[in-house]
Amino acid sequence: MKTDILRQKFLDFFKSKKHKIVESDSLVPKDDPTVLFTPAGMNQFKRQFLGQITDFTRAATSQRCLRTDDLDKVGKTSGHHTFFEMLGNFSFGDYFKKEAISWAWEFLTGELKINPERLWVSVYKDDDEAYAIWKDVIKVPDKKIVKLGDKDNFWPSEAKAKGPNGPCGPCSEIFFDFGEGVGCGKAGCDPSCSCGRFVEIWNLVFTQFNRKEGGILEPLPQKNIDTGLGLERLAAVMQNAANNFETDLFQPIIKE
Ligand code: SER
C-alpha cells in the first residue's frame, strides 16, 4: 500500500471517529520557545492540553517533524530520519485510554489488516489500567505486553526527572516484530531490546500531568490522549520492506 494512501486512510479512519482533521503545523514552530523544530504532533496542541482552548475535543493530523535527538542515529538504524511524518490522534479531555488503545488496534489489525501475531505492546511499569485494557479488552497475551520505565514509557522521555515542563504522561507503545531472522537472535528478545527486530510504530500517550519547575507533576484538569504513529515505519510494515529506506518514499530518490 502506497504511503499516500496510508496517510489518507489514517485521517479518514479518525474522521469517522468524529475527529477534526487539522493541517500539519510548521516545521519551525512560531510560539514555542521549548523546541527549535516541531518534534511531534502534540506540539501545536499544547494549549488544548492545558484546557486553554476548547473549540474542539478530538483532532487528527499528519505532522511534519524533525527531532534533533534523532540526528546521531540517522544512517545507523533503519528507522530514524532527518525529517519524518507523524500521524496522530488527540483527545482534549474527551476519550481516554480505552478508546485510544481500542482504536489503534482496530486501525492496525482491522483497517490495515496487519497480522496481530506480529504486534507486541509496552506499558508504563505502574500503569495497571493500560495493562488491563490490552490484556482483557484487546486480548493481547501476557507475554507480549512488556512493562518499561521512565525512559521508554513516559512522554517526554524521562520528563519526570529531566523535564521539559508542560503536558506529559505515561505511554503505551505498539511494536511490529520483523521476525526472528532480524536483530540479535537471542531467545528472550522482546521490545525492550534495541537490536532492531522490534520496531516501535505507534506511541499512545496518556497526557494527564503538567510538569512544573522542580519536577512537580500537577494533574491536568482534564485527561488527554496524544498519539504518534510513524508514517515511514508503517509504510515499511505495509510494503513488506526490510526498512524505511526500501519503501516508495525513498526508493525513487535512491534510484535516481
Ligand atoms: N508525543 C508522542 C511522541 O512523540 C506521541 O505522539 O512519541
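The table that follows gives values for the structure above.
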{"quantity": "Student exercise, the chain dipole from Lys, Arg, Asp, Glu Cβ charges, in Debye to nearest 20", "calculated": "200 debye"}
{"quantity": "Whole-Hz couplings from phi, Karplus 6.51/-1.76/1.60, listed for region 80-97; x for Gly and Pro", "calculated": "10, 9, 6, 8, 8, 10, 10, 7, x, 10, 9, 10, 10, x, 10, 7, 9, 4"}
{"quantity": "Counted charge near Lys212, where neighbours are those whose Cβ lies closer than 15 Å (Asp, Glu -1; Lys, Arg +1)", "calculated": "+2"}
{"quantity": "Dipole of region 103-256 [Lys/Arg +1, Asp/Glu -1 at C-beta], most positive-end residue of Gln208, Trp105, Thr247", "calculated": "Gln208"}
{"quantity": "Region 12-63: C-alpha gyration tensor shape, a/c 1.5 cut-off, then a/b vs b/c", "calculated": "oblate"}
{"quantity": "Gyration tensor verdict on the chain (Cα atoms; rounded if a/c is under 1.5, prolate if a/b is larger than b/c, oblate otherwise)", "calculated": "rounded"}
{"quantity": "Selection from Ser91, Pro116, Ser194, by position along the positive dipole direction of region 82-234 (Cβ)", "calculated": "Ser194"}
{"quantity": "Cβ charges +1 (Lys, Arg) and -1 (Asp, Glu), total dipole of region 8-102, debye", "calculated": "340 debye"}
{"quantity": "Taking Ser192, Ser26, Ser91 and counting other C-beta atoms within 10 Å, the order from fewest to most", "calculated": "Ser26, Ser192, Ser91"}
{"quantity": "Violating pairs (Cα-Cα greater than 31 angstrom) within the set Lys76/Lys255; Lys2/Lys212; Lys151/Lys186; Lys18/Lys143; Lys18/Lys255", "calculated": "Lys2/Lys212; Lys18/Lys143; Lys18/Lys255"}
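Every read-out reported here was derived from the displayed coordinates using simple, explicitly stated rules and does not represent laboratory data. Worth saying up front: this structure is predicted, and the values here are computed from it rather than measured. When we count neighbours, we look across all protein chains shown, and the Cβ atoms used for this are built from the backbone with ideal geometry, even at glycine.
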